[in-house]
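To start, the structure under review is shown below, and the notes come after it.
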Amino acid sequence: MNIIVLAKLVPDLVEELTIDPGGAALDLTFARWIINEFDDHAIEQGILLKERGGGTVTVLVPDLDGADDVLFTAAAKGADRLIKLGGDFNGVNNHALARAFAAVVKELQADLILTGVQAHDDLDGSAGPLLAECLQMPYVGYVSGVSINDGKSLLRKEYPGGLLAEMEVTTPAVLGIQAAEQPPRYVAVSKVRQAMKTSSIEEQDASSLDPCGGPTVGRMFQPEAAAHATMIAGSPDEVADKLVDLFKELGVL
Amino acid sequence: MSQDIYVLIEHLRGQVAELSYTMLAAGRELAQGAGGNVVAVLLGHNAKELGKDFAADKVLYLDHALLADFTSDAYQKALADLIGKDQPRAVLFGNSSIGADVASVLSMRLDLPLVSSCRSFTQDGKFVSQICGGKIMAEGELPGPTALVTMVPGGYQPDQGRSAAAPSITEAPVPALEALRVALSKYIEPETGDVDISKEPLLIAVGRGIQNKDNIELAENLAQAIGGVVCGSRPVIDQGWLATSRLVGKSGKHVKPKIYFAMGISGAPEHAEAIMQSDTIIAINTDPKAPIFDVAKYGVEGDIFDLVEVLTEKVQQAK
């Protein structure tokens with residue numbers, strides 16, 4: 001079985017986000033790029049499927065700072081093939097990314113394509129369903145459990161309130177992963193270093209990046225909250241006293 | 001081609017999603033500017049009566065046995081046909097397990113522009129989307145000719161999407177639903193667990209900031225001292241540190257306790273939405289800019305680990 005995982009890199013939200021001088025885009029000059037956390041779950045789910053049923057896992061990422069790290073980390077976890085898609089991906093939307101990925105994935109004869117259900121910087125839908133349609137494959141998102149049997153994938157889809165639906169999808173298919181069946185495994189830095197020596201990254205150039213289908217942003221801004229919490233300051237001891245008073249005031253102590 | 005705003009109604013097992021009412025309210029705002037009607041689009045089987053409280057000028061109802069339950073493939077086919085024929089000014093979908101499975105695919109299939117995570121529209125019809133965990137808003141002209149839009153909650157009151165007067169319901173044709181590649185096997189009921197957090201008056205909630213499974217005990221101790229129950233945000237559940245029945249958020253429970261005590265929770269929009277009905281939210285976070293402080297009534301900028309044990313002790317003493 002041939003499992004392909006697509007991973008996106010996104011700016012780390014732990015870092016301060018700034019708007020560029022044009023006022024309509026994020027200033028990504030100093031952005032720290034990290035793997036989209038849902039894509040990390042997609043990699044984990046891919047590896048779990050391989051461990052259970054055999055096959056290979058190929059991981060694809062666009063060439064941004066941090067792409068090599070993502071790929072070698074995936075290799076250390078058990079990914080077999082690493083592909084970096086070359087091109088200027090800075091600020092590229094999901095429509096362009098999906099079309100570029102599709103051109104590469106077409107050649108890979110995938111049985112199943114996994115990707116994160118969403119990313120925090122999505123503004124034109126998410127990469128998974130866009131790709132699915134480019135490849136004329138079915139798509140199901142919000143998936144938190146997958147098995148494959150006999151040309152079909154049986155999966156669990158999440159709905160609000162904890163309700164799940166078990167669905168059957170013909171393969172090849174694209175699945176948007178909400179959560180892997182277990183938390184993404186931890187790999188030691190030494191194992192990633194080892195993967196750097198033993199595995200190699202194939203580089204392929206994106207044929208073109210066509211963003212058609214995404215919106216044009218006129219203005220980007222940081223939201224001004226309608227309200228802000230009354231902050232309780234002081235040493236831990238003082239804060240704890242004030243919180244106890246507050247609990248009393250609210251009638252729970 | 002029309003100036004109508006179509007709203008895809010989401011429903012599961014006979015229950016219309018709150019988000020759909022929010023979208024009807026959003027659709028009204030957009031339709032007023034565009035000079036069109038709000039049209040609720042309801043797909044289902046023997047489900048016509050679900051449309052009776054929609055604040056819409058019209059309900060288009062598509063009935064088919066294969067639309068009885070949501071599957072992406074059937075919804076995409078039915079909607080591609082409808083949107084292709086009617087060419088409304090915009091179609092609103094939920095940025096949800098139903099809407100997000102459909103909108104992106106339709107954008108590629110019909111070659112129509114797509115805006116996601118839209119929270120509200122400006123008076124002159126621009127979209128305002130919420131991205132980067134609620135830290136950034138992106139505004140722009142609603143693309144044409146037909147814009148597909150996925151909506152997040154928070155921008156409109158769902159009650160404004162309800163109406164006492166039933167709208168007119170028109171049946172619309174359903175195209176052939178053949179060679180479907182996705183089928184529903186069954187529903188799996190939510191884990192009931194030992195407690196129902198949506199009914200608990202005092203919740204001690206932990207997020208990514210709790211760092212590891214062992215630290216959950218700190219929250220348990222505080223909960224025990226004060227007489228509350230521990231719950232958590234998505235990362236904590238995904239890590240397996242708490243049972244799924246304790247999940248607060250989009251795929252979990254919406255809660256409305258007397259006190260929601262949030263420790264190490266950043267307050268991403270999906271989480272914030274699920275706790276808005278709480279009487280009093282108190283939040284502790286090391287990041288003074290964490291969005292949780294915008295929904296909390298009281299906040300502490302600091303490390304949970306400096307505070308939680310001394311707080312637990314003082315709560316015990318105060319009893």
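The values are calculated or read from the model by the stated rules, or taken from the named source; none is laboratory data. Bear in mind that the values here come from a model prediction, so they are computed numbers and not experimental data. So basically every Cβ, Gly included, is an ideal-geometry build from the backbone, and we count neighbours across all protein chains shown.
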Breaking point among (1) in a loop (DSSP other than H, G, I, E, B); (2) within 23 Å of the chain's Cα centre (by Cα); (3) surrounded by 16 or more Cβ atoms within 10 Å (Cβ to Cβ), for A:Arg185: (3)
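Confirm whether A:Asp88 is farther than 28 Å from B:Leu12 by Cβ and either in a strand (DSSP E or B) or facing another protein chain (nearest Cβ under 7 Å) (or both). Outline the logic, then answer.
Numbers: farther than 28 Å from B:Leu12 by Cβ: yes; either in a strand (DSSP E or B) or facing another protein chain (nearest Cβ under 7 Å) (or both): no.
So A:Asp88 fails the test.
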Among the residues of the range A:78-123, the number that are of a type in the set (A, V, I, L, M) and under 23 Å from A:Leu26 (Cα atoms) is 9
Which of the residues belonging to the range A:195-221 are surrounded by 14 or more Cβ atoms within 10 Å (Cβ to Cβ) and either within 11 Å of chain B (Cβ to nearest Cβ) or under 29 Å from B:Met276 (Cβ atoms) (or both)? A:Pro211, A:Gly213, A:Gly214, A:Pro215, A:Val217, A:Arg219, A:Met220
Which ranges mark the strands (runs of 3 or more DSSP E) fully within the range B:188-290 that have 1 or more residues being hydrophobic (A, V, I, L, M, F, W, C) and in contact with a Ser or Thr (Cβ under 8 Å, 6 or more places away or on another chain)? B:202-206, B:259-263
Which number in (1) assigned to a helix (DSSP H, G or I); (2) under 29 Å from B:Thr244 (Cα atoms) marks the one condition that B:Asp159 misses? (2)
Might you let me know whether the range B:118-132 holds any residue that is more than 13 Å from chain A (Cβ to nearest Cβ), at negative phi and surrounded by fewer than 23 Cβ atoms within 10 Å (Cβ to Cβ)? yes
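Residues are listed down the side, and each one gets a yes or a no for (1) hydroxyl-bearing (Ser, Thr, Tyr); (2) touching a residue at least 60 places away in the same chain (Cβ under 8 Å); (3) away from chain B (no Cβ under 14 Å):
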position: A:Ile3; (1), (2), (3): no, yes, yes
position: A:Glu15; (1), (2), (3): no, no, no
position: A:Ile19; (1), (2), (3): no, yes, no
position: A:Thr29; (1), (2), (3): yes, no, yes
position: A:Ile35; (1), (2), (3): no, no, yes
position: A:Phe38; (1), (2), (3): no, yes, no
position: A:Glu44; (1), (2), (3): no, yes, no
position: A:Leu49; (1), (2), (3): no, yes, yes
position: A:Gly55; (1), (2), (3): no, no, yes
Hits in the range B:262-319 (condition: among the β-branched types (Val, Ile, Thr) and buried (at least 19 other Cβ atoms within 10 Å of the Cβ)): B:Ile265, B:Ile275, B:Ile281, B:Ile282, B:Ile284, B:Ile292, B:Val295, B:Val300, B:Ile304, B:Val308, B:Thr312, B:Val315
If the Cβ limit is 8 Å and pairs must be 6+ apart or interchain, which residue in the range B:141-155 that is within 20 Å of B:Ile275 (Cβ to Cβ) and outside the structural domain of B:Phe121 (by TED's automatic domain parsing) pairs with which residue that is surrounded by 23 or more Cβ atoms within 10 Å (Cβ to Cβ) and modelled with pLDDT of 95 or more? none
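Restricting attention to the range A:222-253, and to residues there that are polar (S, T, N, Q) and within 7 Å of chain B (Cβ to nearest Cβ), which single residue is surrounded by the fewest Cβ atoms within 10 Å (Cβ to Cβ)? Before you say what the answer is, go through the steps one by one.
Within the range A:222-253, the first condition is being polar (S, T, N, Q), and the residues that meet it are A:222, A:230, A:235.
Right, trim to within 7 Å of chain B (Cβ to nearest Cβ) and you get A:222, A:230.
Details: A:Gln222: 14, A:Thr230: 12.
Once the filter is applied, the top-ranked residue is A:Thr230.
Does B:Gly228 fit the bill of being at positive phi and either among the polar types (S, T, N, Q) or not assigned by TED's automatic domain parsing to the domain that holds B:Ser97 (or both)?
So B:Gly228 fails the test.
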So A:Ala75, is it in contact (Cβ under 8 Å) with a residue 40 or more places away in the chain, in a loop (DSSP other than H, G, I, E, B) and either more than 14 Å from every other protein chain (Cβ to nearest Cβ) or over 23 Å from B:Ser129 (Cβ atoms) (or both): no
